[in-house]
1. Any idea of Asp148's accessible area? Nearest 10 Å², probe 1.4 Å.
2. In terms of the ratio Rg/(2.2 N^0.38 Å) built on C-alpha atoms, what value belongs to segment 74-128?
3. List the trypsin sites (Lys or Arg not before Pro) within segment 68-122 that DSSP assigns to loop and that have no more than 12 neighbouring Cβ atoms inside 10 Å.
4. For segment 38-148, just say rounded, prolate or oblate: build the C-alpha gyration tensor, square-root its eigenvalues into a ≥ b ≥ c, call rounded for a/c under 1.5, and beyond that prolate if a/b exceeds b/c, oblate if not.
5. Give the accessible surface of segment 66-170 per residue, rounded to a whole number of Å², with probe radius 1.4 Å and ligands, DNA and RNA excluded.
6. Which value, in Å to one decimal place, does the Kirkwood hydrodynamic radius take for segment 103-170 when every pair of different Cα atoms is included?
7. Can you tell me what share of the DSSP beta bridges in segment 96-170 is antiparallel? A percent to the nearest 5 is fine.
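The values are calculated or read from the model by the stated rules, or taken from the named source; none is laboratory data. Computed from a prediction, not measured in an experiment: that's the story for all the values here. Positions of Cβ are generated from backbone atoms using ideal geometry, with glycine treated the same way; all protein chains shown enter the neighbour counts. Surface areas here come from the heavy atoms of the whole protein model, side chains and all, with no ligands, DNA or RNA. Shrake-Rupley method; radii C 1.70, N 1.55, O 1.52, S 1.80 Å.
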Amino acid sequence: MMLRITTRLTDHDIEALATYLSREPSAPAPVSAPVSAPVSAPAPVPEAFNILLEDKPVRIEGTSFETGSAKLKKAASKQLNGVVEFALKQPDAKLEVIGFTDNSGSDKQNIRLSVERAESVKKYLVKSGIAANRILAKGQGSASPIGDNKTEEGRTQNRRIEIRSAIKEQ
């Protein structure tokens with residue numbers, strides 16, 4: 001797997017990686033007394049660029065859209081900008097944007113909304129400089145849930161966009 005990843009690196013990427021690895025580790029920040037931390041703190045979100053390099057899907061969670069709408073919230077831009085960075089550095093990469101919904105509403109409504117959300121993400125990526133012909137947008141509706149649709153938390157997990165990459169092998 002490492003060979004596949006390293007063959008995609010540009011000279012600029014290799015130089016940046018070498019510079020990063022040669023830096024002296026910084027001193028750790030002083031530890032202060034814990035302030036009633038939440039019981040289950042959310043895990044940090046890995047950078048979209050690295051996730052796509054590992055051939056894994058980037059998941060943009062349901063809170064990135066207005067309720068019942070395909071309008072992107074500003075919160076989605078952090079991960080989407082990582083996708084843009086990846087696509088700009090990997091010019092042979094094709095992106096597949098897949099929209100999902102929870103099971104609220106009819107199948108017809110959910111398919112329509114999931115397609116509209118995927119198209120909304122595609123528009124963001126195109127506006128950011130990625131050629132439209134490199135991006136396939138499609139909707140799956142409520143198919144393939146990852147959470148329990150009987151709970152609000154599960155329905156929130158199911159309202160998502162997944163972005164996958166495919167890089168043509170030379």
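1. 80 Å²
2. Working: Rg = 13.1 Å, N = 55, 2.2 N^0.38 = 10.1 Å.
Dividing the Cα radius of gyration by 2.2 N^0.38 Å gives 1.30.
3. Working: sites: Lys71, Lys73, Lys74, Lys78, Lys89, Lys94, Lys108, Arg112, Arg117, Lys122; in loops: Lys71, Lys73.
In loop regions of segment 68-122 (DSSP not H, G, I, E or B), the sparsely surrounded trypsin sites (Lys or Arg not before Pro) are Lys71, Lys73.
4. Oblate.
5. 55 Å²
6. Details: mean 1/r = 0.0749 Å⁻¹.
Mean inverse Cα-Cα distance, inverted, gives 13.3 Å.
7. Details: 5 of 9 bridges.
Among the beta bridges of segment 96-170, antiparallel pairing accounts for roughly 55 percent.
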